[in-house]
Amino acid sequence: MTDRQYRLVFIGLGMLLLGVMGLGWALTGATTSDATRPEILEGLSPEPDSQVPRQTSIEIDVPVDYRVEIWIDFRGSGDLAANWVRVPESEVRVIEATGQYSWQPSALGSLLREWEPGQQRVRIVWDTRVGIPDPGVYEFSFRVG
């Protein structure tokens with residue numbers, strides 16, 4: 001092969017590599033909801049704007065030295081104003097060693113027995129347990145179907 005042919009082969013391979021990388025980014029890249037999610041929320045389920053079954057639980061993953069409050073919006077379908085209610089700490093499952101918080105409606109719970117079909121809104125409030133305060137709030141919604 002001549003030098004010209006080698007150059008063309010390497011240029012072709014480079015363009016192929018860029019194409020594969022672009023395709024990978026397009027398929028697995030950050031969504032718009034990920035772009036607006038605060039860095040402190042290392043994990044969040046369900047994903048904002050997703051459609052989920054009625055048995056879905058709210059799962060939040062934060063750094064170990066943070067505490068989290070979960071709030072649910074109980075506004076009716078005709079209400080314009082939000083009606084935020086805090087999930088009691090006794091109903092939130094916490095794994096302090098890993099910074100994981102989760103809550104799921106249940107028959108034994110005081111707030112909800114199950115998610116109602118339709119749009120649901122959740123507010124997450126966090127702050128550090130000790131040291132310099134680092135408070136924050138993040139709201140998102142998902143659809144129960």
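Anything in the range 53-88 that is among the acidic types (Asp, Glu), at pLDDT below 95 and touching a strand residue (DSSP E or B) at 6+ places or on another chain (Cβ under 8 Å)? List them, or say none.
Pass one, the range 53-88, residues among the acidic types (Asp, Glu): 59, 61, 65, 69, 73, 79.
Keeping just the survivors that are at pLDDT below 95 gives 65, 73, 79.
Correct list: 65, 73.
Would you point out the residue of the range 103-118, among those that are in contact (Cβ under 8 Å) with a residue 60 or more places away in the chain and either part of a strand (DSSP E or B) or touching a Pro at 6+ places or on another chain (Cβ under 9 Å) (or both), that is farthest from residue 72 (Cα to Cα)?
114
Please determine whether any residue of the range 114-121 is of a type in the set (S, T, N, Q), modelled with pLDDT of 90 or more and closer than 16 Å to residue 56 by Cα. Working first, answer last.
Of all residues in the range 114-121, those of a type in the set (S, T, N, Q) come to 119-120.
Checking the rest, the ones that are also modelled with pLDDT of 90 or more come to 119-120.
After this cut, where a residue has to be closer than 16 Å to residue 56 by Cα as well, the list is 119-120.
Checked the range 114-121: at least one residue is of a type in the set (S, T, N, Q), modelled with pLDDT of 90 or more and closer than 16 Å to residue 56 by Cα.
Give me a count of the residues in the range 114-143 that are over 25 Å from residue 38 (Cα atoms) and either small (Gly, Ala, Ser) or loosely packed, with under 11 Cβ neighbours inside 10 Å (or both).
At the first step, the residues of the range 114-143 found to be over 25 Å from residue 38 (Cα atoms) are 114-118.
In the following step, the residues that additionally are either small (Gly, Ala, Ser) or loosely packed, with under 11 Cβ neighbours inside 10 Å (or both) were identified as 117-118.
Residues in the range 114-143 being over 25 Å from residue 38 (Cα atoms) and either small (Gly, Ala, Ser) or loosely packed, with under 11 Cβ neighbours inside 10 Å (or both): 2 in total.
Conditions first: (1) surrounded by fewer than 15 Cβ atoms within 10 Å (Cβ to Cβ); (2) of a type outside the set (Val, Ile, Thr); (3) at pLDDT 90 or above; (4) more than 22 Å from residue 141 (Cβ to Cβ). Residue 99 passes all but one, so which condition is the exception?
(1)
Looking at (1) on the phi < 0 side of the Ramachandran plot; (2) outside any strand (DSSP E or B), which one does residue 131 not meet, given that it meets all the others?
(1)
Checking residue 1 against (1) modelled with pLDDT under 85; (2) within 30 Å of residue 93 (Cα to Cα); (3) part of a loop (DSSP other than H, G, I, E, B), only one condition comes out false. Which one?
All conditions are met except number (2).
The values are calculated or read from the model by the stated rules, or taken from the named source; none is laboratory data. Remember, it's a predicted structure, so these values are computed and weren't measured experimentally. Because the Cβ atoms are built from the backbone with ideal geometry, glycine has one as well, and the counts that use them run over all protein chains shown.
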